[in-house]
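Participant: Pasting a structure below so you can have a look.
The values are calculated or read from the model by the stated rules, or taken from the named source; none is laboratory data. Everything quoted here is computed from the prediction, not taken from an experiment. Here the Cβ is made from the backbone with ideal geometry for all residues, glycine too, and neighbour counts use every protein chain on show. Accessible surface is based on the protein model in full, side chains and every heavy atom, while ligands, DNA and RNA are left aside. Shrake-Rupley method; radii C 1.70, N 1.55, O 1.52, S 1.80 Å.
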Amino acid sequence: MLFWERVKSLISEKNSTQDSIARSIPVRADTFSRWIQRGTMPNADQAVFIAKSLNTTVEYLVTGTTIKKSHIRIRLDNFLDSLTENEIEQSFKMLKTEFPRRSENAQDGLT
């Protein structure tokens, strides 16, 4: 699978659109569509924006491989960016309740 096939697959999985990904880069939607049609690789900065908007890594988009923990951390970081401070605190409380044995040893600095 090639770069743009992975992008299209993730767009579909995310129930997103090429237009919304294009806006996140930012480039015009018709430009983004032409990149896909022609197989034109984006520059590094644009690839980072594409990966971030799809909650993945540039490494995955280019190679199809991931390092599981780093991939999960990126997705979690992107998710946390969408939350308020209060929602983050509530989430940590829920996680600590759900995984008490693991959270006792965590060095997260949160109370």
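Participant: Please specify each residue of segment 29-47 satisfying the condition of being open to solvent by less than 80 Å² (accessible area, probe 1.4 Å) and either under 14 Å from ILE11 (Cα atoms) or assigned to a helix (DSSP H, G or I) (or both).
Facilitator: If the condition is that a residue be open to solvent by less than 80 Å² (accessible area, probe 1.4 Å) and either under 14 Å from ILE11 (Cα atoms) or assigned to a helix (DSSP H, G or I) (or both), then ALA29, ASP30, THR31, PHE32, SER33, TRP35, ILE36, ALA44, GLN46, ALA47 are the ones that fit.
Participant: If you go through segment 7-28, how many residues are within 19 Å of ASN78 (Cα to Cα) and either in contact (Cβ under 8 Å) with a residue 24 or more places away in the chain or part of a loop (DSSP other than H, G, I, E, B) (or both)?
Facilitator: 12
Participant: Give the residue that is surrounded by the fewest Cβ atoms within 10 Å (Cβ to Cβ), with candidates limited to residues of segment 17-28 that are within 18 Å of ASP45 (Cβ to Cβ) and not basic (Lys, Arg).
Facilitator: In this case the residue turns out to be PRO26.
Participant: Could we say that SER70 is small (Gly, Ala, Ser) and modelled with pLDDT under 90 here?
Facilitator: The answer is yes for SER70.
Participant: Determine, yes or no, whether LYS14 is modelled with pLDDT under 90, under 19 Å from ASP81 (Cα atoms) and surrounded by fewer than 14 Cβ atoms within 10 Å (Cβ to Cβ).
Facilitator: For LYS14, the condition - modelled with pLDDT under 90, under 19 Å from ASP81 (Cα atoms) and surrounded by fewer than 14 Cβ atoms within 10 Å (Cβ to Cβ) - is not met.
One line per residue, one yes/no per condition, for (1) hydroxyl-bearing (Ser, Thr, Tyr); (2) closer than 19 Å to SER82 by Cα; (3) touching a Leu at 6+ places or on another chain (Cβ under 6 Å); (4) at pLDDT below 95:
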| site | (1), (2), (3), (4) |
| --- | --- |
| ILE21 | no, yes, no, yes |
| SER24 | yes, yes, no, yes |
| ARG28 | no, no, no, yes |
| THR40 | yes, no, no, yes |
| ASP45 | no, no, no, yes |
| PHE49 | no, yes, no, yes |
| LEU54 | no, yes, yes, yes |
| GLU59 | no, no, no, yes |
| THR65 | yes, no, no, yes |
